[in-house]
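Asker: Sending over a structure as structure tokens; questions will come in a sec.
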Amino acid sequence: MPYPYVLLSAAVSLDGYLDDTGPDRLLLSSPADFDRVDEVRASVDAILVGAGTIRADNPRLLVNSPDRRAARLAAGKPEYPLKVTVSGSGELDPAAKFWHTGGEKVVYTTDKGAERARSLGLAADVVPLGPGLDWRRLLEHLHDVRGVRRLMVEGGGTIHTQLLQEGLADELQLVLAPLFVGDPHAPRLFGPGGYQGGRLRLVETRRIEDVVLMRYEPTAPGTGSLPAAADRHWLALACELAADCPPSRTAFSVGAVVVAADGTELARGHSREAGDPVVHAEEAALAKIDPGDPRLAAATVYTSLEPCTRRSSRPAPCARLILDAGVRRVVTAWREPDTFVHEADGTGLLTAAGVDVVVLPDHEVQAKAPNAHLL
């Protein structure tokens, strides 16, 4: 199911703390960075914080700039983004500023927590997620029911940790403040547990007065049939490669990327690459990798169009090449239509051989764009 784009936002001390243990909130950002955060808030559809953060910091989570609020209204959006909180127990503070400022609010909780949350009489939509907090169900509900396409998550550390560990965070915006906390009892940004292997991708660094903003994207593919945020980044790249294909009246324009389990790009390719009029994207990418590379067994192939099962230009179709390479996971944007091959079913061939095939329909429009003349 489609999820919103999930942006994690946090500021930390040089030694990785979100706050100290004093009675007042430790201000880590600079005035100019607070204004940047206000700009980011104005750009999203919803802002999420945990109930613990509401109790500890009592945030309002508003767009403070009148000009930015006016721009939202002019664009047909609500003046303020939807405010979202998460509480497994349903224990909420009715006096918190969260409930009494800004626009609409929604609470996600457990079945048991929903009874307690509703009993408080807060003017909010209470959504139970089952016996436990299910982040995928929460994101699906925000996307499908609430129409949220961009979600900003402002804490706390437990929520940031869970979203990263489940591979659901598309971006991390981290501000580093020039001070130390040094108190082992103070809250840290990230907790222990299993994170993606390898390195995240640094997409921006920016000095803002005396703090530094760093923006990172995850790189490690998901596992099995569950999509991860990094899957969307890699599939978007495959779709961009499809746009680089020389146009053809007799074949689709397709892009492909092969990525190791730790997020290392192994190879990329696109249809009709290097002047070969019949080479396919997956074929071009796999040809650049040593067949004995041990990383292939845990790699993911991202392809803008479902791998082919029949072709006249080469002995082996791309689905067979993927199987022969030992790859056991494929992410694609678009099932192959009957334009050139009737009832093509690369997904069926691959799944029958034990390959996990994930279709991300949010990218279908992008994948079809360079093929509009064929459809």
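Asker: So, L122, is that one surrounded by fewer than 20 Cβ atoms within 10 Å (Cβ to Cβ), touching a Gly at 6+ places or on another chain (Cβ under 8 Å) and modelled with pLDDT under 95 or not?
Answerer: No; evaluated as a whole, the condition is false for this residue.
Asker: Quick check, is S65 crowded, with 19+ Cβ neighbours inside 10 Å and among the polar types (S, T, N, Q)? Write out each step before concluding.
Answerer: Values: crowded, with 19+ Cβ neighbours inside 10 Å: no; among the polar types (S, T, N, Q): yes.
Answer is no for this residue.
Asker: Looking at the stretch 36-47, is at least one residue surrounded by fewer than 18 Cβ atoms within 10 Å (Cβ to Cβ) and of a type in the set (K, R)?
Answerer: So far as the stretch 36-47 goes, no, none of its residues is surrounded by fewer than 18 Cβ atoms within 10 Å (Cβ to Cβ) and of a type in the set (K, R).
Asker: Based on this model, can you work out whether P227 counts as surrounded by 13 or more Cβ atoms within 10 Å (Cβ to Cβ), of a type outside the set (D, E), more than 27 Å from P277 (Cβ to Cβ) and at pLDDT below 95?
Answerer: For P227, the condition - surrounded by 13 or more Cβ atoms within 10 Å (Cβ to Cβ), of a type outside the set (D, E), more than 27 Å from P277 (Cβ to Cβ) and at pLDDT below 95 - is met.
Asker: Please tell me if G275 is on the phi > 0 side of the Ramachandran plot and modelled with pLDDT under 95.
Answerer: Judged against the criteria, G275 is a match.
Yes/no matrix, rows are residues, columns are (1) within 25 Å of L62 (Cβ to Cβ); (2) in the same structural domain as L48 (by TED's automatic domain parsing); (3) under 18 Å from the mean Cα position of the chain (by Cα); (4) not in a strand (DSSP E or B):
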| residue | (1), (2), (3), (4) |
| --- | --- |
| G113 | no, yes, no, yes |
| V127 | yes, yes, no, no |
| G130 | no, yes, no, yes |
| R137 | no, yes, yes, yes |
| V148 | yes, yes, yes, yes |
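Asker: While we're on this one: Evaluate the stretch 343-358: report whether one residue or more is among the β-branched types (V, I, T), touching a helix residue (DSSP H, G or I) at 6+ places or on another chain (Cβ under 6 Å), surrounded by 19 or more Cβ atoms within 10 Å (Cβ to Cβ) and under 15 Å from L235 (Cβ atoms). Lay out the reasoning, then the answer.
Answerer: Initial filter on the stretch 343-358 (among the β-branched types (V, I, T)): 347, 351, 355, 357-358.
If we keep only those that are touching a helix residue (DSSP H, G or I) at 6+ places or on another chain (Cβ under 6 Å) as well, we get 357.
So of that shortlist, the ones also surrounded by 19 or more Cβ atoms within 10 Å (Cβ to Cβ) come out as 357.
Still in the list and also under 15 Å from L235 (Cβ atoms): 357.
Yes, the stretch 343-358 contains at least one residue that is among the β-branched types (V, I, T), touching a helix residue (DSSP H, G or I) at 6+ places or on another chain (Cβ under 6 Å), surrounded by 19 or more Cβ atoms within 10 Å (Cβ to Cβ) and under 15 Å from L235 (Cβ atoms).
Asker: State which residue pairs qualify: first residue over 11 Å from L176 (Cα atoms) and inside the stretch 206-226, second residue of a type in the set (D, E, K, R) and in a loop (DSSP other than H, G, I, E, B) in any location, beta carbons under 9 Å apart, and separation of 6 or more residues or different chains.
Answerer: From the stretch 206-226, the pairs are E217/D170; P218/D170; T219/R199; T219/D262; A220/D262; L226/E166.
Asker: Any idea which of (1) in contact with a Pro (Cβ under 9 Å, 6 or more places away or on another chain); (2) within 24 Å of D19 (Cα to Cα) is the one R188 doesn't satisfy?
Answerer: The one condition R188 does not meet is (1).
Asker: Scan the stretch 192-229 residue by residue and report those that are over 20 Å from R136 (Cβ atoms) and in a loop (DSSP other than H, G, I, E, B).
Answerer: Result: P192, G197, G198, R199, L200, E209, D210, T219.
Asker: What is the number of the single condition among (1) in contact with a strand residue (DSSP E or B) (Cβ under 7 Å, 6 or more places away or on another chain); (2) within 24 Å of G354 (Cβ to Cβ) that E240 does not meet?
Answerer: In the conditions (1) in contact with a strand residue (DSSP E or B) (Cβ under 7 Å, 6 or more places away or on another chain); (2) within 24 Å of G354 (Cβ to Cβ), E240 misses (2) alone.
Asker: Mind checking which pairs have a first residue in the stretch 347-358 that is without any contact (Cβ under 8 Å) to a residue 24 or more places away in the chain and on the phi > 0 side of the Ramachandran plot and a second that is assigned to a helix (DSSP H, G or I) and surrounded by 14 or more Cβ atoms within 10 Å (Cβ to Cβ), Cβ under 9 Å, 6 or more apart or different chains?
Answerer: none
Asker: Just to be sure, is A353 out of contact with any Phe, Trp or Tyr (no Cβ under 9 Å at 6 or more places or on another chain) and over 21 Å from T264 (Cβ atoms)?
Answerer: When the stated conditions are applied, A353 passes them.
Asker: Okay, next question. Quick one: would you say G22 is loosely packed, with under 14 Cβ neighbours inside 10 Å and either closer than 23 Å to A95 by Cβ or charged (D, E, K, R) (or both)?
Answerer: The answer is yes for G22.
Asker: A follow-up question, please. Going residue by residue through the stretch 325-333, is there one that turns out to be surrounded by fewer than 17 Cβ atoms within 10 Å (Cβ to Cβ), charged (D, E, K, R), closer than 23 Å to A267 by Cα and modelled with pLDDT of 90 or more?
Answerer: Looking through the stretch 325-333, none of the residues is surrounded by fewer than 17 Cβ atoms within 10 Å (Cβ to Cβ), charged (D, E, K, R), closer than 23 Å to A267 by Cα and modelled with pLDDT of 90 or more.
Asker: Which residues, counting only those in the stretch 84-138, are more than 26 Å from L168 (Cα to Cα) and touching a helix residue (DSSP H, G or I) at 6+ places or on another chain (Cβ under 8 Å)?
Answerer: Once the filter is applied, which keeps residues that are more than 26 Å from L168 (Cα to Cα) and touching a helix residue (DSSP H, G or I) at 6+ places or on another chain (Cβ under 8 Å), the stretch 84-138 yields D93, A96, L122, A123.
Asker: Of all residues in the stretch 181-202, how many are surrounded by fewer than 12 Cβ atoms within 10 Å (Cβ to Cβ) and in contact (Cβ under 8 Å) with a residue 12 or more places away in the chain?
Answerer: Matching residues across the stretch 181-202 total 5.
Asker: So T309 ticks every box in (1) buried (at least 16 other Cβ atoms within 10 Å of the Cβ); (2) under 24 Å from A228 (Cβ atoms) but one. Which box is left unticked?
Answerer: (2)
Asker: Identify, please: which residue in the stretch 134-162 is over 13 Å from T53 (Cβ atoms) and among the charged types (D, E, K, R) and is, among those, surrounded by the fewest Cβ atoms within 10 Å (Cβ to Cβ)?
Answerer: Looking at residues that are over 13 Å from T53 (Cβ atoms) and among the charged types (D, E, K, R), I get D144.
Asker: Given the criteria within 19 Å of the chain's Cα centre (by Cα) and in a helix (DSSP H, G or I), does R232 qualify? Walk me through how you get there before you give the answer.
Answerer: Details: within 19 Å of the chain's Cα centre (by Cα): yes; in a helix (DSSP H, G or I): yes.
Spelling it out, R232 is indeed within 19 Å of the chain's Cα centre (by Cα) and in a helix (DSSP H, G or I).
The values are calculated or read from the model by the stated rules, or taken from the named source; none is laboratory data. The structure presented is a predicted model; accordingly, all values stated were derived computationally and were not measured. Every residue, glycine as well, gets a Cβ built from its backbone with ideal geometry; the counts of neighbours run over all protein chains shown.
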